[in-house]
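Scroll down for the structure; my scribbles are underneath it.
The values are calculated or read from the model by the stated rules, or taken from the named source; none is laboratory data. If you're wondering where the values come from, they're calculated on a predicted model, not measured in any experiment. Here Cβ is always computed from backbone atoms with ideal geometry, including for glycine, and neighbour counts include all displayed protein chains.
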Amino acid sequence: MSGKYYSRVAMAGDREREADLIVGFPAVVCQSVDDTAALAETLAGEVRGGLAIILSGELGAGKTTFTRILAGALGIEGVKSPTFTTESIHRIPNRDFDLVHADLYRFVSVPPGSDTDLQFTEYLGTGEALLVVEWGDRWIQPPDDRWNIDILLPDDSSDDHRSFFMSAWGDDASRRLSRAYEAILDLSVAGRFREPC
C-alpha cells in the first residue's frame, strides 16, 4: 500500500506554466467527521510558514470543516469561512507563522496580476504564514510550494463519506506531504480510514 504516484494536476493557471512534476497520492476515504479530523490533524503536523494548501470541492464538500479542524490542531479556535471578507488572519500559538484563511468562492477565477488586490498574496514566499485557500482551484497562478487537496462528496450527499485527493508542488511541500501520507497509511492499516483507492 505504498500508494505514491507522480502526476500532473491541472489547475486553472497550470496550462500556461512549464510542465512540473508533482507528487500525488491515492485518495484517502474518510467515513465520518472523526476520520476527517484525524486526517486534518495528521496533516497539521507537517505544515509550516510559506506553505499554501489549496482546497477544492463542490459546495458542501467540507472545505471549511477541514480548515476549522486543521486550525484547531494548530491551537486556533473559532475559524469561520471568510466567504464575504475573502480572508482572515489567525495567530498560531507557539509558532512563528500565522494561518491566513482565504476563500475565493465569490470569484469566477483570479487571473494573473489581479491577485495583487488580494491581501493574502503579500504573504507568499515570506514564510510568515500558512495559507489555506478554499475554492483555490479558481486561483490562476497559485504558488509553487503548495498542497492541492480536492474533496469529493459521495453521490449521496447526506453521507459523511469524503474522498480526499492530495498532491504537492515543490520539493519541501512534497517531502512534507509524503511524511504525512505515510502517517495516514499507518492510521489506515490501524482501521481508521478505508483502504486508499
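Annotations
- For segment 52-72, the count of residues that are more than 26 Å from A27 (Cα to Cα) and of a type in the set (V, I, T) is zero.
- V47 modelled with pLDDT of 90 or more and touching a strand residue (DSSP E or B) at 6+ places or on another chain (Cβ under 6 Å): yes
- Scan segment 106-122 for residues that are surrounded by fewer than 16 Cβ atoms within 10 Å (Cβ to Cβ), among the hydroxyl-bearing types (S, T, Y) and either under 21 Å from S56 (Cβ atoms) or at pLDDT 75 or above (or both) and the total you get is 2.
- Residues of segment 23-81 that turn out to be of a type in the set (A, V, I, L, M, F, W, C) and in contact with a His (Cβ under 9 Å, 6 or more places away or on another chain), as a count: 6
- All positions within segment 43-62 that are crowded, with 21+ Cβ neighbours inside 10 Å and closer than 15 Å to A180 by Cα: L43, V47, L51, I53
- Among residues of segment 57-70 that are at pLDDT 90 or above, those with a beta-carbon under 7 Å from a residue that is assigned to a loop (DSSP other than H, G, I, E, B) and of a type in the set (S, T, N, Q) at least six positions away or on a different chain give the pairs T64/S81.
- Scanning segment 47-105 for residues that are among the polar types (S, T, N, Q) and part of a loop (DSSP other than H, G, I, E, B) turns up S81, T83, T85, T86, N94.
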